[in-house]
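Report on one structure; see the data block that follows.
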Number of protein chains: 2
Amino acid sequence: MKVSKYLDTRPVPELPGVIKREVINADDGAPRFCMRVFDVEPGSSTPSHAHWWEHEVFVLSGRGVVISGEKETPIEKDSVIFVPPDEHHCFKNNGDEVLRFICVIPLQ
Amino acid sequence: MKVSKYLDTRPVPELPGVIKREVINADDGAPRFCMRVFDVEPGSSTPSHAHWWEHEVFVLSGRGVVISGEKETPIEKDSVIFVPPDEHHCFKNNGDEVLRFICVIPLQ
């Protein structure tokens, strides 16, 4: 069993204004899926893309929108977002504090 | 894509003092894993057991301990816990407010 605080995990810059912490991954012995925590600065966004793997997301703090095609849906603390495989998506911080969310993805 | 607030999901009593919300599951089209949110009342615990599937846990609020065999490890808001497959575990609320955590498990 691994017990930690998420801030103990080394932050990795994903792109300007976005950092990622892989709080549980294969190095911990996780066999199937990986838990990450993202911090998105105000005005910044995650990449706008699609891929074969799904996202299961829980918003810890902040405000923003999740964008899929032409549709923007507001998100905030306690929002839950399921992005199915191959659906285009982008998470944008349009608030004035950090948008922080958990994002779980499959490992293979 | 599904966007909701976790409190919109119907709570299901797991056992006395413990409720579960399946915020993302197979009914949403999730192919591989399922996100649940648990509320454990002060003095209550999740079952003490082991099983073939892993847990990836993030504590949203409250205080407690995670118990594995003779070992008790304190947990609180922002704690991350990885329980590997087949490891005995139990989450106990020893604080004075609800212990709330996300727990992700494989679907198969």
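The values are calculated or read from the model by the stated rules, or taken from the named source; none is laboratory data. These figures come from a predicted structure and were not determined experimentally. Here the Cβ positions follow ideal geometry from the backbone for every residue, glycine too, while neighbour counts run over all protein chains shown. These area figures cover heavy atoms from the full protein model, side chains too; ligands, DNA and RNA do not enter into them. Shrake-Rupley method; radii C 1.70, N 1.55, O 1.52, S 1.80 Å.
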### Task
Within region B:80-89, count every residue that is open to solvent by 10 Å² or more (accessible area, probe 1.4 Å) and either within 13 Å of B:SER45 (Cα to Cα) or facing another protein chain (nearest Cβ under 8 Å) (or both).
3
### Summary
Selection over region A:17-48 where residues are open to solvent by 40 Å² or more (accessible area, probe 1.4 Å) and more than 14 Å from chain B (Cβ to nearest Cβ) yields a count of 5
### Looking only at region B:95-108, and only at residues there that are open to solvent by 10 Å² or more (accessible area, probe 1.4 Å) and more than 25 Å from B:GLY29 (Cβ to Cβ), the one that is farthest from the other protein chains (Cβ to nearest Cβ)
B:ASP96
### Message
With the structure loaded, tell me whether A:VAL3 is part of a strand (DSSP E or B), within 7 Å of another protein chain (Cβ to nearest Cβ) and out of contact with any Lys or Arg (no Cβ under 8 Å at 6 or more places or on another chain) or whether it fails that test.
### Response
yes
### Task
Would you point out which residue out of B:LYS77, B:LYS92 is closer than 30 Å to A:TRP53 by Cα, of a type in the set (Lys, Arg), under 15 Å from the mean Cα position of the chain (by Cα) and surrounded by 15 or more Cβ atoms within 10 Å (Cβ to Cβ)?
B:LYS77
### Query
Out of curiosity, is B:ASP86 out of contact with any Gly (no Cβ under 8 Å at 6 or more places or on another chain), in a loop (DSSP other than H, G, I, E, B), more than 17 Å from A:PHE101 (Cβ to Cβ) and modelled with pLDDT of 95 or more?
yes
